[in-house]
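What follows is a set of notes on a single structure, which appears directly below.
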Amino acid sequence: MSTNKESWGSRVGLILAMAGNAVGLGNFLRFPVQAVQNGGGAFIIPYLVCFLVMGIPLLWIEWSMGRFGGRFGHHSTPFIVDTMGKNRLWKYIGVFGIWTNIAVAAYYCYIESWTLSYTFHSIIGTFSGLDQEGVANFFGQYVSLGTSTLGIPYEPIVFYILCLLLNTWILSQGLASGVERVAKVGMPMLILFGLFLAFRGVTLTAGENGAINDSSVGLNFLWTPNFDQLWSPTVWLAAAGQIFFTLSVGMGTVHCYASYVRPKDDIALNAMSAGWMNEFVEVVLGAAILIPISIGYLGVERVSEMVQSGGLGLAFQTLPYLFYQWGDLLGALSGMMWFGLLFFAGITSSLAMGTPWIGFMQDEFNWGRKSAAWSFGLFVFLLGMPTVLFFKYGVFDEYDYWAGTVSLVVFALLETILFSWVFGINRGWREIISGADIQVPAFYKFIIKFVTPLLLLWVFLGSLFTPKGGDWGAAIAGNWVLDNSSIINKLKNVDLEQKLAAATDPEAIQ
Ligand code: PHE
Ligand code: NA
C-alpha cells in the first residue's frame, strides 16, 4: 500500500497540467504533417469524427479509471486496472501504461532537445544571414551529429542530456511544485507565442517579404474538404492515430495524473477543458503556423514534397530561414518564440511521461520521489541513445511506430473493453458522472459501450492487415497483398530487410 499522499495544488493547476500533457509537439509538428500527407481537407472530417467518438470517450474513461484507482492509493496503470478487473492478466496488460511512456519519451525527448538547441541558436543569431539551403544544411548536419557552428562536438547529444537532466530535475520536485508549476508558466506562454505566430501566419500577403502566395493558399489547402478520399481507411487510421497521440490517450499518463484527483472532485468537466484546449491549440494554432507560412513562401508542391520525405524536419528546415523574411528583429524574435513554444509544449508532455513510472516505484516499492525520477531519466537516456546515434537509419521511426502508434491502439482497445464490459458500463458511467460539474450527454453511454470499442477494433485490425499502398478497393476485390506499413509485415521485418538489402547494394540507393 502506498504512502504517497501527493495531490494537485489547485483545479487550474490540474487542468493546465493535463492540457500541458496533451498539448505537445504532436500539435505543432505532427498534426500539420499528417494533414498534408493525408490530403489536407480529406483528413479533417475523419479527424473530427474520431475526436468525438473515440477521443472524448477515452478521456472520460481514463480520467475516471485514474480517479478510481487513486482512491486505493494506486497511481500507475498496472494496479489501477487491477482494481477494476478480477482476472490477474489485467495487471500485466497495465504494464503497457508504463513502458510505452518510457519508450515514447526516449524519442520524444530527442526532438524536444532539438527545440531547446534551436531556441538557443535563435537567440545567439545562428540563422541570421543564412539562406534557405544554409538552414536546411544546418539541420542535416545536426541530425547526423556533424560539428555545428558552435564547435561543440556532438552538440545534439549534449542538448539531449541537458534536456533529460531538466526533465528529471523537475520531476524530482514533485507534482505540485514541479510539474504543475512548469505547466502554469509554460502553457500561457505557449498560447501567447502561438497566437502571435498564427496571426503572422494567416496574414501573409503574396508579394510581401518574398512570399509567393497568400496565406489563403496554405489555409485552403488544409481546409478545403476533399471528399474523394473521405472513405479511405488509410486516412481514417491516420486520423485515429493522430487523435490518440495528441490527446495522450492509450498511454497511461492521463490515468496517472487523474489518480491524484480527490475522490469527490469533478472529472467530467476537467477532462473536457483539457481536451478541448488541446484541440484549440492543434486545429487553430497548430494549423495556422507551419503550413501556411511554408506554403506561402515555398508553394504547395515543394512543401508536399518535403513532407512526403520525412515530415518532422520541416519546421526545422524552413522556418528559421522564412522568419527572417520579416526583417532581422522580427526574424530573431519569431524564431525564439517558435522554438520556445515547441520547447514548452514538449517539456509539459515529457514530464507527463515520467509520472507513471515514478508513481509505480513510489506506490509499490516505496521508492522516494528523487530516486524514482532519476531512474526514469537514466532509462530514457539508455533507450534514447539509439535514436540519437542511428537517427538516419530510421530507428526513430521504428520507435514512433511501435511505442507511439501500435501500443496506444492496443492499450486503448483493451482498457475500453475492461471499462465497458468487465468493470461494466453501468458502474463505469456512475464513475464518470460522479462529482461532475457538467451534464454528460446520455448518448455517450451508448457510444462508450459500443461505438468506441468497435471503432478501436477496426483501427487495430486495419493496421494489422493494411493492404499494399492502402488500396482497400483492390484488397476487397481479392488482390490482398500486405503493405509494408501493416503490423504483420512490420513484425516480419519486411521493411527492414529491404532497407538492409538497399544498404548493402549501393546501386539501389537513389
Ligand atoms: N500528446 C502529446 C503531443 O501531442 C504527446 C504525448 C503522448 C504526451 C503521450 C504524453 C503521453 O505531443
Ligand atoms: Na497534443
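Can you tally the net charge around residue 36? Count Lys and Arg as +1, Asp and Glu as -1, for every other residue whose Cβ sits under 15 Å from the Cβ of residue 36. Intermediate results must be reported in sequence, preceding the final value.
Details: positive: 30, 302; negative: 282, 301, 305.
Net charge around residue 36: -1.
Give me the orientation-averaged projected area of the Cα convex hull of region 1-160, in nm², one decimal.
14.2
How much net charge surrounds residue 289 when only other residues with a Cβ under 15 Å from its Cβ are counted (Lys, Arg +1; Asp, Glu -1)?
+1
Compute the length gained on full extension between residue 458 and residue 12: take 0.36 nm times their separation in residues and subtract their Cα-Cα distance, giving the result in nm to one decimal.
156.9 nm
Take the residue pairs 184/392; 5/91; 370/492; 264/449 and return only those whose Cα atoms are more than 32 Å apart.
Pairs exceeding 32 Å: 184/392; 370/492.
Please calculate how many Å² of accessible area the chain carries per residue, with a 1.4 Å probe and no DNA, RNA or ligand atoms counted.
40
Given H placed on each backbone N at 1.01 Å, which residues far from residue 482 in sequence or on other chains put an amide H within less than 5 Å of it?
The list, which skips near neighbours in sequence, is 468.
Could you work out, for region 108-234, what percent of all Cα-Cα pairs fall into each 10 Å distance bin, beginning at 0 Å and stopping at the bin that holds the largest distance?
That works out to 10, 24, 28, 27, 10, 0, in percent per bin.
Lys/Arg Cβ at +1, Asp/Glu Cβ at -1, dipole of the chain taken about the Cα centre: which of 382, 101, 220 is farthest positive-ward?
Of the listed residues, the answer is 101.
Could you state how much accessible area residue 402 has, in square angstrom rounded to the nearest 10, with a 1.4 Å probe and all protein chains kept in place?
Number for this one is 70 Å².
Would you be so kind as to identify which of 41, 322, 138 lies farthest towards the positive end of the dipole of the chain, taking Lys and Arg as +1 and Asp and Glu as -1 on Cβ and the Cα centre as origin?
It is 41, whose Cα lies furthest towards the positive end.
Pulled fully out, how much extra length does the chain show between residue 328 and residue 133, if you take 0.36 nm times their separation in residues and subtract their Cα-Cα distance?
Going from the current span to full extension adds 68.4 nm.
Select from 285, 296, 272 the residue farthest towards the positive end of the dipole of region 236-307; place +1 on Cβ of Lys and Arg, -1 on Cβ of Asp and Glu, and compute about the Cα centre.
Farthest along the dipole direction, towards plus: 272.
Remind me, relative contact order of the chain in percent, using alpha carbon pairs under 8 angstrom and six or more residues apart?
Details: 813 pairs, mean separation 158.0, N = 510.
Dividing the mean separation by the residue count of the chain yields 31 percent.
Short version: what are the Cα gyration tensor semi-axes of region 53-128, square root of 5 times each eigenvalue, largest first, in whole Å?
Output for region 53-128: semi-axes of 38, 14, 11 Å.
Based solely on C-alpha atoms, express the radius of gyration and the Dmax of the chain in angstrom.
Cα radius of gyration and Dmax of the chain are 22.3, 66 Å respectively.
From the P(r) of region 339-437, can you give the percent of Cα pairs sitting at distances over 15 Å?
On the way: 3732 of 4851 pairs.
For region 339-437, the share of Cα pairs beyond 15 Å comes to 77 percent.
Mind giving me the nanometre distance, one decimal, between the label points for residue 484 and residue 173, set 7 Å out from Cα along Cα→Cβ?
So the label points at residue 484 and residue 173 sit 4.5 nm apart.
Compute the long axis of helix 407-417 from its Cα atoms, compare it with the longest principal axis of the Cα atoms of the chain, and write down the angle in degrees, 0 to 90, nearest 10.
Computed tilt is about 30 degrees.
Label-point separation (nm) for residue 227 and residue 491, each offset 7 Å from Cα along Cα-to-Cβ?
Result: 3.9 nm between the two label points.
Could you go through region 433-440 in sequence order and give the Karplus-derived ³J(HN,Hα) for each residue, using 6.51 cos²θ - 1.76 cosθ + 1.60 with θ = phi - 60°, rounded to whole Hz, and x for Gly and Pro?
Once θ is set to phi - 60°, the couplings for region 433-440 become 8, 6, x, 5, 8, 10, 7, 7 Hz.
Under 17 Å from the Cα of residue 86, which aspartates and glutamates turn up, not counting those fewer than eight places away in the same chain?
415
Taking θ = phi - 60°, what integer Hz values does the Karplus form 6.51 cos²θ - 1.76 cosθ + 1.60 yield along region 126-135, in sequence order, with x for Gly and Pro?
Taking θ as phi minus 60°, the curve returns 4, 8, 5, x, 7, 8, 4, 5, x, 5 Hz for region 126-135.
For region 361-401, what Kirkwood radius comes out of the mean inverse Cα-Cα distance, in Å?
Hydrodynamic radius (Kirkwood, Cα pairs) of region 361-401 is 11.7 Å.
Compute the angle between helix 96-124 and the longest alpha-carbon principal axis of the chain, please, reported from 0 to 90 degrees and rounded to the nearest 10.
Orientation of helix 96-124: about 30 degrees from the principal axis.
Strictly greater than 26 Å: what percent of every Cα pair in region 172-318 meets that?
Cα-Cα pairs of region 172-318 separated by over 26 Å account for 41 percent.
The values are calculated or read from the model by the stated rules, or taken from the named source; none is laboratory data. These numbers come from a predicted model, not from an experiment. Cβ: placed from backbone, ideal geometry, glycine included. Neighbour counts: every protein chain shown. We work out accessible area using only protein heavy atoms, side chains counted, and drop any ligands, DNA or RNA first. Shrake-Rupley method; radii C 1.70, N 1.55, O 1.52, S 1.80 Å.
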